[in-house]
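Here's the structure, in C-alpha cells; my notes come after.
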Amino acid sequence: MENWINDLKSSLKNTMKEILYPLAAIVISFIAGAILVYAFGKSPITAYKALFFGALGDWNKIGETLVTTTTLILTGLSVAFAFRCGLFNIGAEGQFIMGGVAALWAGWALSGLPPILHVTVTLLAGALAGGIWAGIVGWLKAKVGSHEVINSIMMNYIAMNLSNYLIMTVFNEPDKAFSYEIAPTAKLWRFAESFVQFKYSRLHTGIIIALIVALIAYYILNKTIRGYEIRAVGFNPSASEYGGINVNRNIILAMVISGLFSGLAGGIQTAGVQYRVNNLFGFTGYGFDGISVALVGNNHPIGVILSGVLFGALQKGGPMMQIEGIPKEVVGIIQGIIILFVASNFVRVMVQKYKENKEIKAQVAKGEVK
Amino acid sequence: MLSIISILVASTIRSATPLIFPALGGTFSEKSGVVNIGLDGMMAVGAFSAVLVSYKTGSPLLGLFGAMVIGGLFGWLLAFLSIHFKANQVVVGTAINILAGSLTTFLLVEIWGKPGQTDNVNYFTPWGPFNMFTYLALILVLVSYYVLYKTPFGLRIRAVGEHPRAADTLGVNVYMMRYICVILSGILAGIGGASLSIGSISLFKEGMVAGKGFIALAAMIFGKWHPIGAALACLFFGLADAIQTISMSYGLNVPKEFLFALPYMLTMLAVSGLVGKATAPAADGIPYEKGEK
C-alpha cells in the first residue's frame, strides 16, 4: 500500500518536472520577446494583450486558433512519433504538401461518392500520400543507410516543386495560381453551419480527428507490442537488434506512421480549410512548426495537444499584434527562442549546476571540502 | 549559339557564387562533426546585416564585415548549444532558421518602417563580368582545400570529425576545433548572404535567401564533403538555375519545377549510393563527451 502511494507520488513529481521545464522555457522566451518589443519603444503589455485577444478574444477567434491547432497537433504528432523511434522527421513539411495534393485529387476525381464516404476517402488519400512520401525516406534509411535528415530535407523541396507543377498544369484553375476546388462532398463539416458563435471561423471537424489521432498515437506507442518495439529501437537500436527486434522494419514503419499523420494534416488543410491547393513560393511552415510542437510537448501525444494549442494561439494572435503596430514576427522570434531553450535543456542544466554549486558550498561550510 | 553558351556560363557562375560560401561553411562544420542545418538562417542574417551596416555607414566593405560578424555569432550559438549543452544539432539549426526569418523581417519593419524590402544602400558594383564575391569564392575554395587537406590544422579538423576520442587522446582539443569550424561556417554563410544582398542588388528583400542555404547543404553533400567537390556541385546546381532562366527567355518548354527540384533529386541519389557514394564524416552530428567510453 505504502509502495503504491510512493509510486504515485514519484510519478506525479516526474510529470510535474516534465511540464515544468518546458513551461520555464516558454516563460523565459516570452520575457525575451517582451524585452525586444520594449527595446523598439513599444509596450510589451499592449503586445501580449493583443496576442491574447487575437487568439482567444471571442468564439470566432478561438475557432480560427483551433483550425491552426488541428494542423499543428497532427504535424507535431508526426515529428514526435518518429522521434520516439530515434528518427528526426524534418520532412513533415513535404509530407504535408503531398497529403494536400493527394486529397485535392481525391476530392475532385472521385466526386459522385456519397458525402461521408467521399470526405473519408479524401482524407485517407492525403494520409496515404504522406505515408508513402515518408516511407521512401524510411526505406532508404533501412536499406542503404542514408540519413533521414538529408533525404527528408531534399524530399521537402521535391514535394513543393512536384505540387507546384501539378497545381499549375493538371489541377490548375485556368489563369490562376491555385488549383480548382474540391467537390462539396469532399469537404469537412464546419461548425459554422450549426453554431452561430463560430459563424466567422473556419473551424471544422478536423479538430476532433486530430484529437482522436493523438489518442491512437498514444495507444500505438504505449499499449501495443509494435509501439514497444518502436520505442526500444529509439532508445537503443543495437540492444533492440540483439533482443530480436527487426530494427529496419520498425524504422520504415515509424516513418510511414509519422508520414500518415503529416499527410492527414495536409489532407485536412485541403478538405477543411482551403478546399484548394495554392502554388507555393515557399514552405507553409506547418511541418517545421511540428518540430517545435513535438519538442515542447516532450514528444508525448498529450503534450503535443497542449503545445499545439499554444503554438496555434501564438500564430493566430500575431496578426492582431500587427494591428497594434507591433510586427507579428515577434511570434516567430519567441517560437525560435522556445525551441533553443527546450532543445538545449537549458533550464534543466542550469538547475542542476545550481544544485551542484549549492552542495559544494554546503560541504565547504561543513568543512568537508576545502 | 556562342552567345547563348557564354550567357549560360556567366549565368551559371553568378547563380553558383552565393551557394559556394555556405557550402564551404557546411564542409568545415561537418568535417569537424557538427551538422549545420542553420546555414539558410545564417545566410539570411548575413544578407540583412550587410545591408544594415552599409546603410548606417555607407560602406559595403563594412557591410560585408558586419555580415561576417553576425553570421559568426549565429555559428557560435549553434556551437555553444550543441557542444556545451549537447543539444540536438538539427533542432538547433531549425530553430536558427525560424529565428533568422522572423528576426530579419522584424528588424526590417522596425528600422525601415515598411515590410517587404529595405531602401537601396551602397553595394559592391561588378568588376568585369562578375562581382567581387565570385573571385573571393574561387580563392576561398582553394584556401579551404589547402587548409583542410594540406595543413596539420586541417588534419585535426578531420580527425575530430572522424574519431574525436582518438583525436582527444592525441591531445587535440575537440571542443575548440568544433567551435572554430562551426563559427567559421557561420562567417562563410554570412558572406554568402552578403553576396546575395550587397553583392548583386543593393537591398535586402524578405525571403531573398529562400532556401539557398539548403541548396548549399545539398551541394556540400553532393560534393562529398570536399571543398572542391562542393564548389563543383554549386556550379552544377547553378547550371540548373541558369538553364531555367535562359529557357524561359528563349521560350523553351522545360518545366521550371523540374529544374528547381533537380539538385535535390541528384543529392538523394548521391547519398543513396546511386551516383557515387557520398559518406558523411563518421562522428558527424554526434555530441562529444569527454571521458565517455
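One line per residue, one yes/no per condition, for (1) of a type in the set (Lys, Arg); (2) surrounded by 22 or more Cβ atoms within 10 Å (Cβ to Cβ); (3) without any contact (Cβ under 8 Å) to a residue 24 or more places away in the chain; (4) under 23 Å from residue B:279 (Cα atoms):
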residue	(1), (2), (3), (4)
B:135	no, no, yes, no
B:144	no, yes, no, yes
B:156	yes, no, yes, yes
B:161	no, yes, no, yes
B:170	no, no, yes, no
B:181	no, yes, no, yes
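Taking the conditions (1) within 11 Å of chain A (Cβ to nearest Cβ); (2) within 25 Å of residue B:36 (Cα to Cα); (3) out of contact with any Ser or Thr (no Cβ under 7 Å at 6 or more places or on another chain) in turn, residue B:110 satisfies each one other than (2).
The listed residues are A:68, A:15, and the only one of them that is modelled with pLDDT of 95 or more and not basic (Lys, Arg) turns out to be A:68. Every condition in (1) surrounded by 19 or more Cβ atoms within 10 Å (Cβ to Cβ); (2) within 14 Å of another protein chain (Cβ to nearest Cβ); (3) assigned to a helix (DSSP H, G or I) is met by residue B:73 except one, and the failing one is (1). Residue under question is residue A:15, and the condition is that it be touching a residue at least 24 places away in the same chain (Cβ under 8 Å), part of a helix (DSSP H, G or I), hydroxyl-bearing (Ser, Thr, Tyr) and out of contact with any Pro (no Cβ under 9 Å at 6 or more places or on another chain); does it hold? Here the answer is no, as residue A:15 does not meet what is asked. Assessment of segment B:215-228 against the conditions (surrounded by fewer than 24 Cβ atoms within 10 Å (Cβ to Cβ), under 22 Å from residue A:282 (Cα atoms) and aromatic (Phe, Trp, Tyr)) yields no matching residue. For segment A:152-183, the candidate set comprises residues that are free of Cβ contacts under 8 Å to residues at least 24 places away in the same chain and not in a loop (DSSP other than H, G, I, E, B); within that set, the residue that is farthest from the other protein chains (Cβ to nearest Cβ) is A:172. When the test is whether a residue is under 25 Å from residue A:186 (Cβ atoms) and within 14 Å of chain B (Cβ to nearest Cβ), residue A:82 does not pass it. Considering only segment A:116-135, I want to know if a residue exists there that is within 14 Å of chain B (Cβ to nearest Cβ), in contact with a helix residue (DSSP H, G or I) (Cβ under 6 Å, 6 or more places away or on another chain) and surrounded by fewer than 20 Cβ atoms within 10 Å (Cβ to Cβ). Checking segment A:116-135: not a single residue is within 14 Å of chain B (Cβ to nearest Cβ), in contact with a helix residue (DSSP H, G or I) (Cβ under 6 Å, 6 or more places away or on another chain) and surrounded by fewer than 20 Cβ atoms within 10 Å (Cβ to Cβ). Residues that are of a type in the set (Val, Ile, Thr) and more than 13 Å from chain A (Cβ to nearest Cβ) were ranked within segment B:192-214; the one that is surrounded by the fewest Cβ atoms within 10 Å (Cβ to Cβ) is B:201. Of the helices (runs of 4 or more DSSP H) lying entirely inside segment B:203-289, the ones with 1 or more residues being in contact (Cβ under 8 Å) with a residue 60 or more places away in the chain and under 30 Å from residue B:156 (Cβ atoms) are found at B:212-222, B:227-249.
Consider segment A:328-356 and keep the residues that are more than 8 Å from chain B (Cβ to nearest Cβ) and in contact with a Phe, Trp or Tyr (Cβ under 7 Å, 6 or more places away or on another chain). The one that is modelled with the highest pLDDT is A:334. Restricting attention to segment A:1-50, the residues that are within 24 Å of residue B:105 (Cβ to Cβ) and either of a type outside the set (Lys, Arg) or exposed (fewer than 10 other Cβ atoms within 10 Å of the Cβ) (or both) add up to 23.
A quick yes/no check of all residues on (1) at pLDDT 95 or above; (2) under 28 Å from residue A:97 (Cβ atoms); (3) surrounded by fewer than 17 Cβ atoms within 10 Å (Cβ to Cβ):
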| residue | (1), (2), (3) |
| --- | --- |
| A:213 | yes, yes, no |
| A:217 | yes, yes, no |
| A:222 | no, no, yes |
| A:227 | no, yes, no |
| A:233 | no, yes, no |
| A:237 | no, no, no |
| A:240 | no, no, no |
| A:259 | yes, yes, no |
| A:269 | yes, yes, no |
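Residues that are touching a Pro at 6+ places or on another chain (Cβ under 8 Å) and either touching a residue at least 12 places away in the same chain (Cβ under 8 Å) or among the acidic types (Asp, Glu) (or both) within segment A:31-86 comprise A:33, A:34, A:37, A:54, A:77, A:80, A:86, listed in sequence order.
Yes or no, residue by residue, for (1) aliphatic (A, V, I, L, M); (2) at the interface with another protein chain (Cβ under 10 Å from one of its Cβ atoms):
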position: A:259; (1), (2): no, no
position: A:275; (1), (2): no, no
position: A:288; (1), (2): no, yes
position: A:295; (1), (2): yes, yes
position: A:321; (1), (2): yes, no
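Yes or no: residue A:279 surrounded by fewer than 24 Cβ atoms within 10 Å (Cβ to Cβ), among the polar types (S, T, N, Q), in contact with a strand residue (DSSP E or B) (Cβ under 7 Å, 6 or more places away or on another chain) and within 14 Å of another protein chain (Cβ to nearest Cβ)? Taking the combined requirement at face value, the residue satisfies it.
The values are calculated or read from the model by the stated rules, or taken from the named source; none is laboratory data. Keep in mind that what you see is a predicted model, and the values were worked out from it rather than measured. All Cβ positions, even for glycine, are placed from backbone atoms using ideal geometry, and neighbour counts span all protein chains on display.
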